[in-house]
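To start, the structure itself, in structure tokens.
The values are calculated or read from the model by the stated rules, or taken from the named source; none is laboratory data. This is a predicted model, so every value here is computed, not measured. Backbone-built Cβ (ideal geometry, glycine too); neighbour counts: all protein chains shown. Ligands, DNA and RNA are stripped out before the accessible areas are found, and what is left, the full protein with its side chains, is counted by its heavy atoms. Shrake-Rupley method; radii C 1.70, N 1.55, O 1.52, S 1.80 Å.
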Amino acid sequence: MARKRGGIGAVGKAMARFFHPSKEVEAKCLQEGKTYKSHVLEDAIIIGRETCRINRKNQLVYQCRLPFMDDNKVYAIVCSNMRIVEEGATPFNDEAAATPILRDDSIELRGSHVDPSPRSRYSCS
């Protein structure tokens, strides 16, 4: 199964604790009686992507709007912490090139001879 591509307008889901600023999301979860550490927000809408400083590291993040929060504030989440549920209409440049390459068995590969000798290329001698 191929990984779905994020883009502007894509919908994703992630655990509430990974959204920044997290204090507001935590307060809203506790107000509604949900567990902040394990609650999954299902319908985060991606509106952009940038590099932000999170936990003292520069990381690539999605900028999202959360219908769960009922405000027009933009939240950030590290790209690897979000799963894309529905692809956006316009994928980001580097994600657009991530389409799978299909192998054509009719093409004959030439010059692909493998040396059967047991020599190691990392020998110490």
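In region 1-23, which residues are open to solvent by 70 Å² or more (accessible area, probe 1.4 Å), at pLDDT 85 or above and farther than 13 Å from M82 by Cβ? Once the filter is applied, which keeps residues that are open to solvent by 70 Å² or more (accessible area, probe 1.4 Å), at pLDDT 85 or above and farther than 13 Å from M82 by Cβ, region 1-23 yields I8, K23. Restricted to strands (runs of 3 or more DSSP E) entirely inside region 1-79, those with at least 3 residues that are in contact with a strand residue (DSSP E or B) (Cβ under 8 Å, 6 or more places away or on another chain) and in contact (Cβ under 8 Å) with a residue 60 or more places away in the chain are 11-15.
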